[in-house]
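This report concerns only the one structure given below.
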Amino acid sequence: METIDAWLGRTLAIGRAGEAPPLNADAILSIAGGHRVDVLLADLFLRAPSGPEPFSRGPLEDIVRLAAARELAVSRDVSRLLEAANRAGLDLLLLKGTALAYTHYQQPHLRPRNDIDLFVRQADIGRAEAVLSALGFARAAEPDAGLWTAQRHYAKTSPAVTSHVDLHWRVVNPQVFAGVLLFDDVWGRSVSVASLGPFARTLAPADTLLLACVHRVAHHQDRVNLLWLWDVHLVASGLSAAGWEQFLAAAAAARVQAICARGLALAHECFGTSIPDAVLQTLGAARHEPAASFLGDGLRTVDVARADLAALTSWRRKLALVREHLCPPLAYMRVRYPGCPPVLLPFAYVHRVVRGAPKWFERT
């Protein structure tokens, strides 16, 4: 019997229901929600000429209506952010879900996401934070770090929705991927997102595909998630011959060819994505890339930390990475342990390490 994941992938790929699903409607929507393709699925069946069978129209309409309402609220925040960044003379790029929603999906609410991902130069973090603060975004309680993480998190709550912003100065966190899509490399070939106004820009299609392949591995342990693979499918399906050449050059330069081969292979398996033979041959010839250690079974946090240490080239930076993990700034510790007297803060550091140690050895 066909698995529900395979049925979902085939249904989305052909744009219609096809054969009857292997499970009941509630189970299908639950599994689709786990893959975050429930909005896509609901929209597809609501538009089907034969009606929403085997689903009831009401639940499908609720899913789409909620997504559209959320999108309306979040899009306002995106527009205000972009306008404010332009007034401040800040170069800024939209990344991942928010950009894809407006460049590759038929309607932006069909691409769910939890946050607005923004990409800036590391030197511009302070200016970007000032723009966010002026718009009412507050930074989450987190330590200042620049080695084990390459992003900061902000949120703003309104009556309609809580908007979250992830501010990136590298596109992904692990150091083995530190050379992937540097801001000054991608800014010059970035493209406009016209539907979000004159100040909206995002990665070029080839860079977008590279990030889609890398992100699911670097941050999500190579987990098979249909939404992320649908992103790969959509971008790859629209890539030009010149775009494929640019994609291959960037993947080779960043030494992530095996990562890209994996993402494209999974998209082809799930959705029948068409990949040029020359692309598969070039990517398949890659050998012994450090980033390939992120493929396969889920890595533990300690494995990622070990990979970070191996990727850093100086002992000073290696020690700085260890310090970031074990000894975050006092300001952060005072927030995390608000009732702790200053004289006892050293014990708070010990408590933090002991409490967090088991999680470092859990497989995701």
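The values are calculated or read from the model by the stated rules, or taken from the named source; none is laboratory data. These numbers were taken from a predicted model, which means no experiment stands behind them. With ideal geometry, Cβ positions are generated from the backbone for all residues, glycine too; neighbour counts draw on all protein chains shown.
Please go through the stretch 130-147 and pick out each residue that is touching a residue at least 24 places away in the same chain (Cβ under 8 Å) and either in contact with a Leu (Cβ under 7 Å, 6 or more places away or on another chain) or not charged (D, E, K, R) (or both). Give the steps one after another, and end with the answer.
Step one: list which residues in the stretch 130-147 are touching a residue at least 24 places away in the same chain (Cβ under 8 Å), which gives 130-132, 134-135, 137, 141-147.
If the condition is that a residue be touching a residue at least 24 places away in the same chain (Cβ under 8 Å) and either in contact with a Leu (Cβ under 7 Å, 6 or more places away or on another chain) or not charged (D, E, K, R) (or both), then 130, 131, 132, 134, 135, 137, 141, 143, 145, 146, 147 are the ones that fit.
Being outside any loop (DSSP other than H, G, I, E, B) and touching a residue at least 24 places away in the same chain (Cβ under 8 Å) narrows it down to one residue among 80, 16, 65; which is it?
Values: 16 fails: outside any loop (DSSP other than H, G, I, E, B); 65 fails: touching a residue at least 24 places away in the same chain (Cβ under 8 Å).
Going through 80, 16, 65 in turn, just one is outside any loop (DSSP other than H, G, I, E, B) and touching a residue at least 24 places away in the same chain (Cβ under 8 Å): 80.
Considering only residues of the stretch 129-149 that are in contact with a strand residue (DSSP E or B) (Cβ under 6 Å, 6 or more places away or on another chain) and of a type in the set (A, V, I, L, M, F, W, C), which is nearest to residue 309 (Cα to Cα)?
140
Tell me which residues, restricted to the stretch 332-364, are small (Gly, Ala, Ser) and without any contact (Cβ under 8 Å) to a residue 12 or more places away in the chain. Before you say what the answer is, go through the steps one by one.
Going through the stretch 332-364, the residues small (Gly, Ala, Ser) turn out to be 339, 348, 356-357.
Hits for the stretch 332-364 are 339, 356, 357.
Taking the stretch 332-345, which residues are surrounded by 11 or more Cβ atoms within 10 Å (Cβ to Cβ) and either of a type in the set (Asp, Glu) or out of contact with any helix residue (DSSP H, G or I) (no Cβ under 9 Å at 6 or more places or on another chain) (or both)? It would help to see each step written out before you state the result.
First pass over the stretch 332-345, keeping only residues surrounded by 11 or more Cβ atoms within 10 Å (Cβ to Cβ): 332-337, 340, 344-345.
332, 335, 344, listed by residue number.
Residues being within 24 Å of residue 89 (Cα to Cα) and polar (S, T, N, Q): count how many of those fall in the stretch 173-207. Before the answer, list the steps.
Within the stretch 173-207, the first condition is being within 24 Å of residue 89 (Cα to Cα), and the residues that meet it are 181-204, 207.
Within this subset, residues satisfying the condition of being polar (S, T, N, Q) are 190, 192, 195, 202.
Residues that pass the stated criteria total 4.
Restricting to the stretch 312-326, give me the number of residues that are surrounded by fewer than 16 Cβ atoms within 10 Å (Cβ to Cβ) and either assigned by TED's automatic domain parsing to the domain that holds residue 179 or not in a helix (DSSP H, G or I) (or both).
2
Could you tell me whether residue 164 is closer than 18 Å to residue 100 by Cβ and either outside the structural domain of residue 216 (by TED's automatic domain parsing) or under 16 Å from the mean Cα position of the chain (by Cα) (or both)? Spell out the reasoning first.
On the way: closer than 18 Å to residue 100 by Cβ: yes; either outside the structural domain of residue 216 (by TED's automatic domain parsing) or under 16 Å from the mean Cα position of the chain (by Cα) (or both): yes.
Here the answer is yes, as residue 164 does meet what is asked.
Would you check which residues across the stretch 19-38 are closer than 18 Å to residue 227 by Cβ and not in a loop (DSSP other than H, G, I, E, B) and list them?
Our first condition is that a residue be closer than 18 Å to residue 227 by Cβ; within the stretch 19-38, this holds for 28-38.
Selection gives 28, 29, 30, 31, 32, 33, 34, 38.
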